[in-house]
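Participant: My questions will all concern the structure given below.
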Amino acid sequence: MLAIRLRRQGAKRSPFYRIVVAEHSNRRDGRFVEIIGHYNPRTRPEQVKLNLDRLAYWQAKGAQLSDTVRTLAVRHKETHAAEPTEASAGAPSQDPAPGAASAMSSEAAAGSVTSEASSATPSTPAEPDEPSAERATP
């Protein structure tokens, strides 16, 4: 059976935890299947990073959450649900006014005519530099 639990990292008295998917019979810091996040209790506020997509994937596969990871996941979901996203934070829309769209399309049509006229003029390709034949041989 798979378990989603904490794996201790860091130095003495400076714990840092990785949130991992591991076989429940493996040791706490032993072999794991995947790292899906991390937790640092030493920072204020506590830092929790958790990939919720992978958490849902492993739960669908039957992985059981430890009590601590369950608490961290709930806390993480609450904080991310409360934060507004950048797109919905009241940013003004980038769409031009309806009348401006027709003006832009007529300008684009005029621009395409001028680009066709400029492409009709022949252009000479730049010739690559040739090595000089006057090279002295030793």
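Participant: Pull up the range 47-68, narrow it to residues that are within 22 Å of the chain's Cα centre (by Cα) and without any contact (Cβ under 8 Å) to a residue 12 or more places away in the chain, then point me to the one that is surrounded by the fewest Cβ atoms within 10 Å (Cβ to Cβ).
Facilitator: Selected residue: 53.
Participant: Could you tell me which of the residues 90, 99 is at pLDDT below 90 and on the phi > 0 side of the Ramachandran plot?
Facilitator: None of the others qualify; the one that does is 90.
Participant: Here's something else I'd like to know. In the range 4-53, how many are part of a loop (DSSP other than H, G, I, E, B) and either under 21 Å from residue 64 (Cα atoms) or touching a helix residue (DSSP H, G or I) at 6+ places or on another chain (Cβ under 8 Å) (or both)?
Facilitator: Residues in the range 4-53 being part of a loop (DSSP other than H, G, I, E, B) and either under 21 Å from residue 64 (Cα atoms) or touching a helix residue (DSSP H, G or I) at 6+ places or on another chain (Cβ under 8 Å) (or both): 11 in total.
The values are calculated or read from the model by the stated rules, or taken from the named source; none is laboratory data. Predicted model only: the values in this text are computed from it and were never measured. Neighbour counts are summed over all protein chains in view; Cβ atoms, including those assigned to glycine, are modelled from backbone coordinates with ideal geometry.
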